[in-house]
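*Asks:* For reference, the structure I am asking about is given below.
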Amino acid sequence: MDLEKIKILRNKISIPLNIAIELLRKHDNNILACEKEFYNNSVKEISKITEYKEELVRETYIFCNYDKAKTIDKINSRQLIITTLKNKNPKNEIGFILWPENKNGENYKAVKRNDVFIPTADFDTIIENFKSVFPLQNPWNKTIEESFDTCGHNYFDNKTCIKIVEKISQTKTDDPNLNSFLQEVIQWFNDKLKYADYIIVYGNL
């Protein structure tokens, strides 16, 4: 084994000696090939941890100068956006923010942000499912909310959310983009409803 190659590789990327040797043997002492595999493996690992697509992870990984910890922190601090739009990071977009709360009206502490933003154009495809469960009692002031508020807070308890998700899951469409959007919404709800007492839907129209 070429000790100089090992030294060069470990100076370029911070890896244990045994990993450096393994990569160099696999790629016949090709430093660039070793680096490429290491970075690709890191992207896959970060993607698995953060549940973000590899394409988005790779962009953030490069931005963070290939620092894995910083990349994970940056991704986890991002607000999730569910949309049919090609641009997954729309700016100054109007729409709805959804987040989970406990029975005391408190946010749950989490490693990564657990709120989600859905642009109005996309939320319009599922809004009737939310409107259909009204009237509802506001859990904090006990007043009866007669209809869905597109410009304020809407409080849905766990059982009501399950009904809404069931309605969304029955939506039929031949549009692959819309179908993907619906599945992402359902997945987000199912994940949060494992522990959340309430899901808040806030319209910023």
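*Asks:* Grab the beta carbon distance between residue 195 and residue 15, set R0 = 35 Å, and tell me the FRET efficiency rounded to 0.05.
*Replies:* On the way: r = 37 Å, r/R0 = 1.06.
In this case the efficiency is close to 0.40.
*Asks:* Using only Cα atoms and rounding to the nearest 10 degrees, what angle (0 to 90) does helix 3-12 make with the longest principal axis of the chain?
*Replies:* 30
*Asks:* Suppose accessible area is computed on protein heavy atoms with a 1.4 Å probe; arrange 184, 146 from highest to lowest.
*Replies:* 146, 184
*Asks:* Under the classification rounded if a/c is under 1.5, otherwise prolate if a/b is larger than b/c and oblate if not, where does region 87-180 fall, given a ≥ b ≥ c as square roots of the Cα gyration tensor eigenvalues?
*Replies:* oblate
*Asks:* On a 0 to 90° scale, report how tilted helix 158-169 is relative to the longest principal axis of the chain, with both axes built from alpha carbons and the result rounded to the nearest 10.
*Replies:* 80
*Asks:* Let me ask another. With the other protein chains left in place, how much accessible area per residue, in square angstrom, belongs to region 1-86 at a 1.4 angstrom probe?
*Replies:* Normalised by residue count, the accessible surface of region 1-86 is 67 Å².
*Asks:* Going through the cross-link list 86/159; 26/112; 53/163; 44/109, which pairs have a Cα-Cα distance over 31 Å in this structure?
*Replies:* Check vs 31 Å cut-off fails for 86/159; 26/112.
*Asks:* Enumerate the calculated ³J(HN,Hα) couplings along region 120-128 in order (Karplus 6.51 cos²θ - 1.76 cosθ + 1.60, θ = phi - 60°), each rounded to whole Hz, writing x wherever the residue is Gly or Pro.
*Replies:* Whole-Hz 3J(HN,Hα) from phi for region 120-128: 3, 4, 7, 5, 4, 6, 10, 4, 4.
*Asks:* Also, quick follow-up: Restricting to Cα pairs below 8 Å that are 6+ residues apart, what does the relative contact order work out to for region 22-141? Please round to a whole percent.
*Replies:* Computed value for region 22-141: 18 percent relative contact order.
*Asks:* So, with a 1.4 angstrom probe, what is the percent of accessible area on the chain that is carbon and sulfur?
*Replies:* 48
*Asks:* Now, a different point. Mind giving me the FRET efficiency for residue 103 and residue 146? R0 is 35 Å, r the Cβ-Cβ distance, nearest 0.05 is fine.
*Replies:* Efficiency at R0 = 35 Å is approximately 0.90.
*Asks:* Sticking with this one: Tell me which aspartates and glutamates have Cα within less than 19 Å of residue 103's Cα, excluding those fewer than 8 residues away on the same chain?
*Replies:* Counting by Cα, and skipping residues close in sequence, residue 103 has these aspartates and glutamates nearby: 115, 145, 157, 191, 197.
*Asks:* Counting pairs of alpha carbon atoms under 8 Å apart in space and at least six apart in sequence, what relative contact order in percent does region 79-198 give? Don't skip to the answer; put the middle values down first.
*Replies:* Details: 125 pairs, mean separation 34.6, N = 120.
Dividing the mean separation by the residue count of region 79-198 yields 29 percent.
*Asks:* A follow-up question, please. For the chain, what is the relative contact order in percent, using Cα pairs closer than 8 Å and at least 6 residues apart in sequence?
*Replies:* 19
*Asks:* Another question, if that's okay. Specify the angular offset, from 0 to 90 degrees and rounded to the nearest 10, of the alpha carbon long axis of helix 176-192 from the longest principal axis of the alpha carbons in the chain.
*Replies:* Between helix and principal axis, roughly 80 degrees.
*Asks:* In deg cm²/dmol, rounded to 500, what helix-only [θ] at 222 nm does the chain give when every DSSP H run of at least 4 residues adds -39500 (n - 2.57) and the total is split over its residues?
*Replies:* Mean residue ellipticity at 222 nm (helix-derived): -14000 deg cm²/dmol.
*Asks:* How many angstrom lie between the C-alpha centres of region 114-172 and region 1-75?
*Replies:* 43
*Asks:* Now for a separate question. Could you name the aspartates and glutamates in cross-link range of residue 5, using Cα to Cα under 19 Å and dropping any fewer than eight places away on the same chain?
*Replies:* 22, 28, 35, 37
*Asks:* What is the set of long-range amide H partners of residue 95 at a cut-off below 5 Å, with H atoms built 1.01 Å from backbone N?
*Replies:* Distant-sequence amide H within range of residue 95: 120, 204, 205.
*Asks:* Let me ask something additional. Tell me the Rg and the Dmax, in Å, that the Cα atoms of region 1-77 produce.
*Replies:* That works out to 13.4, 42 Å for Rg and Dmax.
*Asks:* So between residue 157 and residue 77, what do we pick up on full extension, going 0.36 nm a residue minus the alpha carbon distance?
*Replies:* Working: separation 80, 0.36 × 80 = 28.80 nm, distance 2.59 nm.
Between residue 157 and residue 77, full extension yields an extra 26.2 nm.
*Asks:* Right, something else. Looking at the chain, what % of its DSSP beta bridges pair antiparallel, to the nearest 5? List each step's numbers first, then the result.
*Replies:* Details: 18 of 20 bridges.
Expressed as a percentage, antiparallel bridges in the chain total about 90.
*Asks:* Among [x] 83, 43, 31; [y] 75, 40, 29; [z] 47, 44, 28, which one is Cα extents along the principal axes in Å computed from these coordinates?
*Replies:* [y]
The values are calculated or read from the model by the stated rules, or taken from the named source; none is laboratory data. This structure is a prediction, so every number in the text was calculated from the model and none was measured. Using ideal geometry, Cβ is built from the backbone for each residue, glycine included, and neighbour counts are taken over all protein chains shown. Just the protein is used for accessible areas: all its heavy atoms, side chains included, with ligands, DNA and RNA removed. Shrake-Rupley method; radii C 1.70, N 1.55, O 1.52, S 1.80 Å.
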